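Values in this text are rule-based calculations from the coordinates and carry no lab data. Owing to the predicted nature of the structure, the values given are computational and were not obtained by experimental measurement. Because the Cβ atoms are built from the backbone with ideal geometry, glycine has one as well, and the counts that use them run over all protein chains shown.
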Amino acid sequence: MNGLTLRPVDYGHPDVALLEQQVQLEYARRYGGGDDTVLHPEQFREPEGVFLLLSVDGVATAMGGWRARESDGANLRDGDAEIKRMYVVPAAQRRGYARTLLVELERTASLAGRWRMVLETGVLQPEAIALYTSSGYTEIGKFGLYSGEEASRCYAKVLTG
């Protein structure tokens, strides 16, 4: 992957804001509206989280982060790390960038002492579901803002090492 850089950035970084607008438009296209989950930059600052920006030849191409989560009394557990805002621009999809991001998110969460990665996605994102299930994620009970939505799906993977 020539010209590829993957680095932690603040969730408020201008390139992240640009990609955030794009992913919200994609959510609106697929689901009829954006994601209403409230996220704050401090949720993605070490040791409580990380936000990564992947650039190709200096162009912001993909992003994703994790934030610390604790037990909700149902499907989240103490020590969980939740993936948020995984996104690859359409022109760069199917090149392995999402998998590269995912591996680094898992690695940094494990190094931060998190033992399980969790996420919420939807049935209208089959490519996301395929990425996660092919990476060892299994479906769990729903959690979060969209736990009552029929189209919502939640997944988890125990982190090693």
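The table below gives the values:
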quantity: Segments 80-86, 31-37, 151-157, 140-146 sorted - mean Cβ within 10 Å per residue, highest first; calculated: 80-86, 151-157, 140-146, 31-37
quantity: Placed amide H near T61: partners under 5 Å, 5+ positions off or other chain; calculated: L54, S55, V56
quantity: Amide H contacts under 5 Å for L4, placed H, 5+ residues apart; calculated: D57
quantity: The chain shape via C-alpha gyration tensor axes, a/c threshold 1.5; calculated: rounded
quantity: Part-to-part distance (alpha-carbon centres) for the range 73-126 and the range 6-22, which is given in Å; calculated: 16 Å
